[in-house]
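Report on the structure given below.
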Amino acid sequence: MKPFLIAFLVLFSMFSSIYGQDYNLENLKTDDKKRFRFGYYLGLNLVGAKMEYLPTTSGLPFRLFVKPKPSFDVGLLADIRINEFINIRFHPGVAFVEREITFPFKETPTIPKTLIERKVKSNYVRFPLGVKFNTRRIRNARPFVMGSMSYNINITSEEANPEDNKTGTFRMKRNMYAWEFAIGTDIYLPYFKFTPSIHGLFALNNEIVPDKDPNSDFTKDIASMKSRGVFLRFTFE
């Protein structure tokens, strides 16, 4: 998350200094009075997982290591103005997510390295609906916070695949529900509005699909796996 935060702060400082502090220039003066707004966004993401475990029969802890890898997402934006300070925002998109997963096993003839260390790719079709709370406009900048609820479809989940971890298939549920929180700043440029923002994603439901064998060493000690992620987003309206 740290590289995302640094990038956001640098961009915010740069654009604020150029456009937000010029007393003689105020762009798009009537822009916020529009009832409906549309746009698109591009972004980067790091999505890992919050793991919860069951007590093991051996008494030794079982820990699945999940390492997020930088990925990207794209989407559209539809915005409805409620009043000066509140907007309803629908921002559907597609997030391409990659995670490195390592099981806590030693390599043996029956458990090769390919089953211990894996790259799991998830492509989420996302449908977030949020409420955006704006501050007053400060020349050409307007900070905001936003809370959203989202329904996400993992189209590469492998949920219906009859194969499981014993053959190298890590299965996740197709449907994921989450709440999201975002902070950002609308920056008013001469011809459009540019918005850098950071979004946090917190899945609400368990996403892992247990192996068919209830005593499988790969999944028997896992209670739940819930996605946790941070998105650095650049929106153009």
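Might you check whether a residue that is β-branched (Val, Ile, Thr), in a strand (DSSP E or B) and touching a residue at least 12 places away in the same chain (Cβ under 8 Å) occurs anywhere in the range 189-202?
Looking through the range 189-202, at least one residue is β-branched (Val, Ile, Thr), in a strand (DSSP E or B) and touching a residue at least 12 places away in the same chain (Cβ under 8 Å).
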Which residue pairs have Cβ atoms under 6 Å apart, sit 6 or more places apart or on different chains, and have a first residue in the range 97-113 that is touching a residue at least 12 places away in the same chain (Cβ under 8 Å) and a second that is of a type in the set (Lys, Arg)?
-> Glu98/Lys69; Glu98/Lys121; Glu100/Lys67; Glu100/Lys119; Ile101/Arg118; Pro104/Arg63
From the options Lys173, Lys121, Lys220, residue that is over 18 Å from Gly39 (Cα atoms) and in contact with a Pro (Cβ under 8 Å, 6 or more places away or on another chain) | Lys220
Among residues belonging to the range 76-107 that are part of a strand (DSSP E or B) and among the charged types (D, E, K, R), point out the one that is surrounded by the most Cβ atoms within 10 Å (Cβ to Cβ).
-> Arg99
Lys29: within 27 Å of Thr219 (Cβ to Cβ), without any contact (Cβ under 8 Å) to a residue 40 or more places away in the chain and either assigned to a strand (DSSP E or B) or out of contact with any helix residue (DSSP H, G or I) (no Cβ under 7 Å at 6 or more places or on another chain) (or both), yes or no?
-> no
Mind counting the residues in the range 204-237 that are in contact (Cβ under 8 Å) with a residue 60 or more places away in the chain and part of a strand (DSSP E or B)?
-> 15
Between a first residue in the range 140-157 that is touching a residue at least 12 places away in the same chain (Cβ under 8 Å) and part of a loop (DSSP other than H, G, I, E, B) and a second residue that is loosely packed, with under 14 Cβ neighbours inside 10 Å and aliphatic (A, V, I, L, M), which pairs have beta carbons less than 9 Å apart while being 6 or more apart in sequence or on different chains?
-> Asn140/Ile18; Asn140/Leu25
Is it fair to say Thr114 is of a type in the set (S, T, N, Q), in a loop (DSSP other than H, G, I, E, B) and under 30 Å from Thr167 (Cβ atoms)?
-> no
When Tyr53 is run through (1) more than 19 Å from Glu180 (Cβ to Cβ); (2) touching a Gly at 6+ places or on another chain (Cβ under 8 Å); (3) surrounded by 12 or more Cβ atoms within 10 Å (Cβ to Cβ), the failure sits at (2)
For the range 32-51, what are the residues that are over 30 Å from Lys67 (Cβ atoms) and charged (D, E, K, R)?
-> Asp32, Lys33, Lys34, Arg35, Arg37
Counting only residues that are modelled with pLDDT under 95 and either among the aliphatic types (A, V, I, L, M) or in a helix (DSSP H, G or I) (or both), which one in the range 32-50 is farthest from the chain's Cα centre (by Cα)?
-> Lys33
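The values are calculated or read from the model by the stated rules, or taken from the named source; none is laboratory data. Predicted model, so just to flag it, every value in this text is computed and none were measured. Positions of Cβ are backbone-derived with ideal geometry, glycine not excepted, and every protein chain shown enters the neighbour counts.
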